[in-house]
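This report refers to the structure that appears directly beneath it.
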Amino acid sequence: MNFFKCSILLAMAVAQGFAAETLFSNSAFTVAPGSKTGKLYVFSRGDVASGITELELKPTAHGISVEKSEQTSIGDSMTAVHDDIFRSSWAELRRTPVTTAGELGLVMPMYATDNNGAFQEPAGFFSVRSADRILETPMDPPGFAEDLDSAMIYATTGFAYDSTSKSLWIARGAAGVSHYDISRGPNYPQVTDYILNKKEAKLEKLKQNYSYKKSKNASVLHLSVHPKTGDLWLATEKGLWTYDGSSVAVNKSLDTAKRVTGIWMGGKPFQIIAEVSKSGSDGVQGSLWRSFDSKTFKKVSFLDTTGKVQKKDIFANSSYTVSGVAFLGNKAFVAVTSAGGKESGYLLLDSVGVRAWETDEDDGSQWLNGFERGVIDRDEIITSITTFPLTKNITGIAVSTYGNGISVSADSGATWTPILNRAKLGNNLGSIRMVPSVIKAIGEQSLVSYKVGKPSKITIEVFSYDMRKVRKIVKDAPREADNSRSTYPREDFWDGLDDHGRPCTMGIYYVRVKDNHGNIGWGKVMTMGGR
């Protein structure tokens, strides 16, 4: 048996030992409002398959509690996230677009495997009608697809739903846009494909024998429907365009020589946020623009803690790209990720600009809200953000993360509650949960999750399969009692290394947790090894 097959079998053996109670996996790529008030959809992808979880949430005096969860796997032949989401150089391919589309429910992209076995083949979209009903909606590639360098050039990078006409608009890169009309019902759609002819300023119907030319056409990278006018706004590789149902026009306040990779609308007062992105010698460089009158865009200002506008373009210098925007009153929560996922978090944008929350000793300002601000309790990549009706009177905010599940706030981002994929934990170390249960030896961590019924001093140790001690994580560390999970993410984790800082060999390891009251619990985790 070769190394790869052995790794997969071991990973499956460990994973099957734990039944998920909340999320499908802690590698969550997108979060969106659920089917009713207090509910939230989470798409996550694990080692073997991927799926949707609908959580029923309730605010409490200590944060957010999960009242109920329903999960549905979407199998292993299709998924909603392509394999290059963190490696892609283009902003529009570094996010997972979703939207709620009337009777279609939640819609999100659908990818199949290519000839190399990677999820890099755009195949249509998923329609999540409920937590236990997910439909695959195939879409054919454009007729000129064989002439393109990569199938990802026509990947789905945006959705927008027009509730008045009951139509879903889909951004499909070089393939233009698809109009998915469900006015006769979701089971009787009328589909029309269009492509942007920038040379003649037309949105043309896409025919099977259409001849695509870079000099004539422009890829559509994102889109949004204006809630007041009903116009379709198109973010393209050649500027920002609007379509009123008969003709298209370019917005001249944004440079048509650059790529407009995202367009988001909402808030009170109403605002439109655009992301402009280009590829430079240092990677992707972006900038944020905003309009309050739906006509003129101005670059978003970054202010220090004193309110002074910065001369440098902080957004471009950090190589950020936008993974999602959530509006709440006059504020916009702009989730961003840097190239390669090295930094992530959200920028809090008010009516003036993005304000720094801290100035350090070196006079450097901090604008990013993430691990340091308590948005997540482990330093993982934030992949999306949304607002949703938590109760009749409370609008919640939720972020998804790659590795730490989701975090939810009931107080406009002041405090956050992490929600992880975990099995039920027994009190007083009755059970130990390693999250995730399979890690690489370098660059990944497994959280030691346990529960104690009273304040305790905790010792955590790791043993090899033959019960040889390889690592002491903490010794007599004070931990407070908690009704759901007593753990300290900044210390209670194993990174696959031994006491000397060397990667442990591939295999299954046992984790022992002891308290000072005589209670002992055991967990199990697998590392893929350091080679």
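Under a model in which nothing but the beta-carbon of Lys, Arg (+1) and Asp, Glu (-1) is charged, the chain shows a dipole of about 380 debye around its Cα centre. Packing-based ranking of 378-387, 56-65 yields 378-387, 56-65, ordered from highest to lowest mean Cβ neighbour count within 10 Å. For segment 433-527, a crude dipole built from +1 on the beta carbon of Lys and Arg and -1 on the beta carbon of Asp and Glu, taken about the Cα centre, is about 160 debye to the nearest 20.
Taking other C-beta atoms within 10 Å as the exposure proxy, Glu480, Glu372, Glu444 rank Glu480, Glu372, Glu444 from fewest upward. A dipole drawn for segment 420-462 from +1 and -1 charges on Cβ atoms has a positive end, and of Pro436, Leu447, Asn421 the residue lying farthest that way is Asn421.
Excluding Asp162 itself, what net charge comes from residues whose Cβ is under 14 Å from its Cβ, given Lys and Arg +1 and Asp and Glu -1? Don't skip to the end; give the middle numbers.
On the way: positive: Lys166, Lys228; negative: Glu103, Asp181, Asp231, Asp244.
Summing Lys and Arg as +1 and Asp and Glu as -1 gives -2.
Mean residue ellipticity at 222 nm from the helices of the chain, using -39,500 (n - 2.57) per DSSP H segment of n ≥ 4 over the full residue count, to the nearest 500 deg cm²/dmol? Display every interim value, and only then the final one.
Working: 2 runs with 17 residues, N = 531.
Rounded to the nearest 500, it is -1000 deg cm²/dmol.
Residues His222, His82, His179, His517, ranked from the fewest to the most other C-beta atoms within 10 Å, line up as His517, His179, His82, His222.
My understanding is that a pair violates if its Cα-Cα distance is over 23 Å; which of Lys213/Lys238; Lys440/Lys469; Lys214/Lys278; Lys228/Lys298; Lys166/Lys205; Lys198/Lys268 do that in this structure? List each step's numbers first, then the result.
Working: Lys213/Lys238 13 Å; Lys440/Lys469 19 Å; Lys214/Lys278 17 Å; Lys228/Lys298 21 Å; Lys166/Lys205 20 Å; Lys198/Lys268 33 Å.
Among Lys213/Lys238; Lys440/Lys469; Lys214/Lys278; Lys228/Lys298; Lys166/Lys205; Lys198/Lys268, the Cα-Cα distance tops 23 Å for Lys198/Lys268.
Within 13 Å, Cβ to Cβ, of Pro389, how many net charges do the neighbouring residues add up to if Lys/Arg are +1 and Asp/Glu are -1? Can you show the working numbers first?
Numbers: positive: Lys36, Lys39, Lys58, Lys392; negative: Glu56.
Net local charge, Pro389 excluded: +3.
Checking (i) 28.0; (ii) 32.3; (iii) 26.2 against mean projected area of the Cα convex hull in nm² calculated from these atoms, the matching label is (iii). With N counted as the residues of segment 21-157, its alpha-carbon radius of gyration over 2.2 N^0.38 Å works out to 1.11.
For Lys39, Lys199, what's the fewest-to-most ordering of other Cβ within 10 Å of each Cβ? Let's see the in-between values first.
Details: Lys39 20, Lys199 12.
Going from sparsest to densest Cβ surroundings: Lys199, Lys39.
So what's the net charge close to Ala201: Lys and Arg +1, Asp and Glu -1, counting the other residues with Cβ under 12 Å from its Cβ? In short, +3.
Relative to the longest principal axis of the chain, what angle (0 to 90°, nearest 10) does the C-alpha long axis of helix 3-15 take? Roughly 70 degrees between the two axes. Taking Cα centre as origin and charging only the Cβ of basic (Lys, Arg, +1) and acidic (Asp, Glu, -1) residues, the dipole magnitude of segment 20-94 rounds to 260 debye. Checking every one of the trypsin sites (Lys or Arg not before Pro) in segment 393-453 against DSSP loop status and a limit of 15 other Cβ atoms within 10 Å picks out Lys424, Lys440. Using +1 at the C-beta of Lys and Arg and -1 at the C-beta of Asp and Glu, which of His517, Ala481, Pro503 has the Cα lying farthest in the positive direction of the dipole of segment 433-527? Most positive-ward Cα: His517.
Rule-based calculations on the coordinates, nothing more; no lab input. Every value quoted in this text rests on a predicted model; they were computed, and no experiment measured them. Glycine gets a Cβ as well: all are built from the backbone with ideal geometry, and neighbour counts include every protein chain shown.
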